[in-house]
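Student: Can you read through this structure? Questions will come right after.
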Amino acid sequence: MGRYTRITSVFDDTLYPKDLQKRAIVDQRLHYDSSALATTGRGLTAPLREGKTEIPKARFDALDEVYKTLDLFLESNDFLAGKYLTIADFHVIAVLSSTILLRDVDATMYPKLAGWIQRIRRLPYYEEANGSRMSQVANFIKSKKYTIV
């Protein structure tokens, strides 16, 4: 039994579907989160953590590409891996919550992504899961005077 299968076995089948095709989409979104989104997020915050004051514009361009891809994932569904909330949504919002502090999601450019973020933020457990961590990250970013070069 895999890690996510064990964790979600106490929940219904939507968080981590038993259907292999649906599960493959969830797994792909999880992989995208851990590769493209997390890497892009670390690339943006690394200079700040290292005490630098400049973030290369190319890193923000990479973030725009991530936002564009996430918007495409949401093109025909309300959630990243289909019509139901899955663990992929939880993983992505955890990282995305940090990147938004550096560059918000432009609702005119990425309307599906902006709507998804609002849906996730309305979940009753969103604040408990992300609230204190995000205030720490926000305080860190606000304390840095950085420029985009």
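The values are calculated or read from the model by the stated rules, or taken from the named source; none is laboratory data. All figures in this text were calculated on a predicted structure; none of them were measured in a lab. Because the Cβ atoms are built from the backbone with ideal geometry, glycine has one as well, and the counts that use them run over all protein chains shown. For accessibility, only protein heavy atoms count, side chains too; no ligands or nucleic acids. Shrake-Rupley method; radii C 1.70, N 1.55, O 1.52, S 1.80 Å.
Student: Need one number: nm distance between label points at Asp104 and Val137, each 7 Å from Cα along Cα→Cβ, rounded to one decimal.
Tutor: With each label placed 7 Å out from Cα toward Cβ, I get 1.7 nm.
Student: Let me ask you something else. Quick check for you: with a 1.4 Å probe and neighbouring chains kept, what is the accessible area per residue of the chain, in Å²?
Tutor: That works out to 58 Å² for each residue.
Student: Separate question: Treat every Asp and Glu Cβ in the chain as -1 and every Lys and Arg Cβ as +1, leave all other atoms uncharged, and give the resulting dipole magnitude about the Cα centre to the nearest 20 debye.
Tutor: Numbers: 22 positive and 18 negative charges, 85 e Å.
For this selection, approximately 400 debye.
Student: By how many nm would the segment from Arg122 to Glu75 grow when fully extended, if each residue of separation counts as 0.36 nm and the alpha-carbon distance is taken off? Present the calculation step by step, with values, prior to reporting the outcome.
Tutor: On the way: separation 47, 0.36 × 47 = 16.92 nm, distance 2.02 nm.
Here the segment from Arg122 to Glu75 would lengthen by 14.9 nm.
Student: Next question, about the same structure. Carbon and sulfur together cover what percent of the accessible area of the chain at a 1.4 Å probe radius?
Tutor: Carbon-and-sulfur percentage of accessible area, whole number: 56.
Student: Test of the criteria: in segment 77-130, which trypsin sites (Lys or Arg not before Pro) are in a DSSP loop and have at most 16 other Cβ atoms within 10 angstrom of their Cβ?
Tutor: Lys83, Arg103, Arg122
Student: So which chymotrypsin sites (Phe, Trp or Tyr not before Pro) in segment 97-148 pass both tests, a DSSP loop state and at most 12 other Cβ atoms within 10 Å of the Cβ?
Tutor: The qualifying sites are Tyr125.
Student: Could you work out the relative contact order of segment 41-149, using alpha carbon pairs under 8 angstrom and six or more residues apart, expressed as a whole percent? Can you show the working numbers first?
Tutor: Values: 87 pairs, mean separation 40.7, N = 109.
Dividing the mean separation by the residue count of segment 41-149 yields 37 percent.
Student: What net charge is computed for the residues neighbouring Gly51, neighbours being all others with C-beta under 12 Å from the C-beta of Gly51, Lys and Arg scored +1, Asp and Glu -1? Walk me through the intermediate numbers first.
Tutor: Numbers: positive: Arg49, Lys52, Lys144, Lys145; negative: Glu50, Glu54.
So the surrounding residues net to +2.
Student: Okay, next question. Would you mind checking which residues have amide H under 5 Å from Ile55's amide H? H placed 1.01 Å from N; only 5 or more apart, or other chain.
Tutor: Those qualifying (amide H under 5 Å, at least 5 residues apart or on another chain) are Thr147, Ile148, Val149.
Student: Mind scanning Lys18/Lys68; Lys18/Lys83; Lys57/Lys145; Lys57/Lys144; Lys52/Lys142 and naming the pairs with a C-alpha gap bigger than 23 Å?
Tutor: Lys18/Lys68
Student: How would you order 20-32, 45-57 from highest to lowest mean count of nearby Cβ atoms within 10 Å?
Tutor: Details: 20-32: 16.2, 45-57: 12.9.
The peptides rank, most packed first, as 20-32, 45-57.
Student: Note the full-extension length gain between Arg49 and Gln21 as 0.36 nm times their separation in residues minus their Cα-Cα distance, in nm to one decimal.
Tutor: 6.1 nm
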